[in-house]
Structures are given as structure tokens and as C-alpha cells.
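To start, the structure itself, in C-alpha cells.
The values are calculated or read from the model by the stated rules, or taken from the named source; none is laboratory data. As the structure is a computational prediction, the values presented were derived from the model and not from experiment. We place every Cβ from the backbone using ideal geometry, glycine too, and count neighbours over all the protein chains shown.
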Amino acid sequence: MTAPEDIPGGSYSETTRGITITVQPFYLEDQSVPEARHFVWAYHVKIENQGTITVQLVTRHWLITDSAGKVQEVRGEGVVGKQPKLKPGESFEYASGTPLATPSGIMVGTYQMVTPDGEQFDARIPAFSLDSPHSTQAVH
């Protein structure tokens, strides 16, 4: 897992069986209302197949933890309504978001992938920090 300092906001990457997932979170000041305990982030995800076999993303599983320790679990089919199939060398990118009731938090998860022969495995989504300017300390 890496968090390069040269990318604004930082990005986080992790590779599982040739599938590299890179996430870059962004705090959305214009959609947040700190006085109402409503803090919103967007995150950009890039999924790259650096392996030798085609894979398809079938489900997602997220754990979203705010700075008060409240955990929200999210499971579902695909991402943004799609179940992308990635041949070796291909990638898929999407953006999504999440609100929290605290000024910081952390997200981590997995994408369940399936190979053409039906083998399933979980590609790890790296843990990434959700830090707003209203946060008194970083979660990571």
C-alpha cells in the first residue's frame, strides 16, 4: 500500500493477484455542512488488471468508519451499476462518494472478482483516510 506525497490529497494503492486498485479521496467542502455534522467526500477509483487472465468485478464490500468509531458496512453488486470485465492490461475507473457525521474517517474494502473458469477471489481495496480541514487529527 502506498500514499504518494506528490499527488494532491494523496492516493492509496494495493495489488492482489495482479489486480491493482488505486483510490484518491477528495473532501467536498461545497457539499458539506460542518455545523450540521455533515461531511462529504468523493473518491476516484482505478482498477487495473496487471495480471495474465481476464477478471470480472461482481460485488463490492466496504467498511466505512467515522472518527467516533461508528462503522457502516456496504455490500452490493458491481460498482456504479456496472460489473466491468477486465482483460490483461485493461483498467476501469469510476467516482463515488460518502457522507460522514464526523470530520474524518477511514474506508477499506474488497471487490469480489471472478475468472473465466469461475474461480472467485477478493481484490483488496486499500484503506484510505477521509480527512477534512475541520478534522483535529488524521485517522491514518
What number of residues in the range 81-107 are among the polar types (S, T, N, Q), within 23 Å of THR16 (Cβ to Cβ) and either surrounded by fewer than 16 Cβ atoms within 10 Å (Cβ to Cβ) or more than 13 Å from the chain's Cα centre (by Cα) (or both)?
3
Residue that is modelled with pLDDT of 95 or more, surrounded by fewer than 18 Cβ atoms within 10 Å (Cβ to Cβ) and among the small types (Gly, Ala, Ser), where the choices are GLY9, GLY51, GLY78:
GLY78
Which one of these is in contact (Cβ under 8 Å) with a residue 12 or more places away in the chain and in contact with an Asp or Glu (Cβ under 6 Å, 6 or more places away or on another chain): GLY97, GLY105?
GLY105
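Among the candidates HIS38, HIS44, single out the residue that is over 17 Å from GLY18 (Cα atoms), touching a residue at least 12 places away in the same chain (Cβ under 8 Å), surrounded by 15 or more Cβ atoms within 10 Å (Cβ to Cβ) and of a type outside the set (S, T, N, Q). It would help to see each step written out before you state the result.
Numbers: HIS38 fails: surrounded by 15 or more Cβ atoms within 10 Å (Cβ to Cβ).
After ruling out the rest, the residue left standing is HIS44.
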Hits in the range 54-75 (condition: crowded, with 20+ Cβ neighbours inside 10 Å and in a loop (DSSP other than H, G, I, E, B))
SER67
Among the listed residues SER67, SER91, SER132, identify the single one that is of a type in the set (Ser, Thr, Tyr) and touching a Phe, Trp or Tyr at 6+ places or on another chain (Cβ under 8 Å).
SER132
First in the range 19-35 and touching a residue at least 12 places away in the same chain (Cβ under 8 Å), second anywhere and aliphatic (A, V, I, L, M) and not in a strand (DSSP E or B), Cβ under 7 Å, 6 or more apart:
GLN24/ILE7
